[in-house]
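Written below as structure tokens is the structure these notes are about.
The values are calculated or read from the model by the stated rules, or taken from the named source; none is laboratory data. Since the structure is predicted, the reported quantities are computational estimates derived from the model, not experimental observations. Using ideal geometry, Cβ is built from the backbone for each residue, glycine included, and neighbour counts are taken over all protein chains shown. For the accessible areas, the whole protein counts, side chains as well, though only heavy atoms, and no ligand, DNA or RNA atoms are used. Shrake-Rupley method; radii C 1.70, N 1.55, O 1.52, S 1.80 Å.
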Amino acid sequence: MNKQIAIFGLGRMGMQIAKRLHKNNFSVLAWNRGEEARQEFEAFGGKSFAEIPQLVGEMKEPQRIFWLMLPHEIVEDFLQNQLAQHIKAGDIVIDGGNSFYKESVRRGKDFAAKGIYFFDVGTSGGVWGFENGFALMAGGPKEQWPVIEPIIKTLSSGENYGLVGSNGAGHFVKMVHNGIEYGMMEAIGEGYAVLEASELKPDLKQVTKIYQQGTVVRSWLIDLVADIFEKEDVAGTKGEIGSNGEGEWTVNTGKELGVDVRVLEGSVNVRKESVDPKNHQKYSNKIVALLRKQFGGHAIKK
């Protein structure tokens, strides 16, 4: 088994992936543009590089594994202008970010034509992944799955991973996951807004503790709401909700497939409308923004 892997991008998720693999005795060679993240990984005991040629020079033949954890907006440029000159037939390229699944279908075909194996791996777990493990949804060539499965299994929490289909399937499944996430979070935010607005004024911390066990709505998201009431200033939070695009991709794909996605579409529209200052005081928006902070480390505005 090849226990060496190159990771490109030490952001919130990439750093945790690199650390979890390093902790489990993989030889991780990490690249990141910013020096601060490289220093953090080195302080953890890992090895980092500022220059890609230097990293590639330390990779062992014959089959090298390159894992990208980059924003989807820059993946194509990185592949074409940074990595293409260093990869060759027999190598494995993994995109663990949130690329659009149709792009992953195309990339799989383009790489296959060059004898390079490509996997798109939807990765979920947020800032808790290092400690608790990630959920991983992979798409790619079945015959090469045994090569990367030990990596995927190490990153998972045990059984929450798998090869879900050919190229594009991994990012497709993760895209739909994120669309569902939008709808669930919006439902929670709106529910708590109703509770907060009532003249009955129930204790929301107490309500959440009750919701957490034995109810139909108990979930990790409800657990994170409990953390919000323990640790966050809800009133002082601006109700502007960030978005990385996967929810809208899910809505558009649903419409292409003739599927009714009105709940998901509504949650996407709420996020778009949240940039308007008149919506910054909406209690539901504040809860959703803080939920994103809790599970994903996303910044909020005061």
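At-a-glance table
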item: Selection count where residues are without any contact (Cβ under 8 Å) to a residue 24 or more places away in the chain, assigned to a helix (DSSP H, G or I) and closer than 26 Å to V263 by Cα, scope region 192-209; result: 4
item: The lone exception for G242 - which of (1) modelled with pLDDT under 95; (2) under 22 Å from the mean Cα position of the chain (by Cα); (3) open to solvent by 60 Å² or more (accessible area, probe 1.4 Å) it fails; result: (3)
item: Matching entry among S267, S274, S284 (being of a type in the set (S, T, N, Q), in contact with a Gly (Cβ under 8 Å, 6 or more places away or on another chain) and free of Cβ contacts under 8 Å to residues at least 40 places away in the same chain); result: S274
item: Matching residues, region 216-235, being open to solvent by 30 Å² or more (accessible area, probe 1.4 Å) and either small (G, A, S) or in a loop (DSSP other than H, G, I, E, B) (or both); result: V216, V217, R218, S219, E232, D233, A235
item: Selected residue (only one of F66, F49, F44 is open to solvent by 10 Å² or more (accessible area, probe 1.4 Å), modelled with pLDDT of 95 or more, aromatic (F, W, Y) and touching a strand residue (DSSP E or B) at 6+ places or on another chain (Cβ under 9 Å)); result: F49
item: Wholly within region 246-302, helices (runs of 4 or more DSSP H) carrying at least 2 residues that are surrounded by 18 or more Cβ atoms within 10 Å (Cβ to Cβ) and among the acidic types (D, E); result: 246-256
item: Members of region 126-156 found to be free of Cβ contacts under 8 Å to residues at least 24 places away in the same chain and either of a type in the set (G, A, S) or under 16 Å from M69 (Cα atoms) (or both), listed by number; result: S156
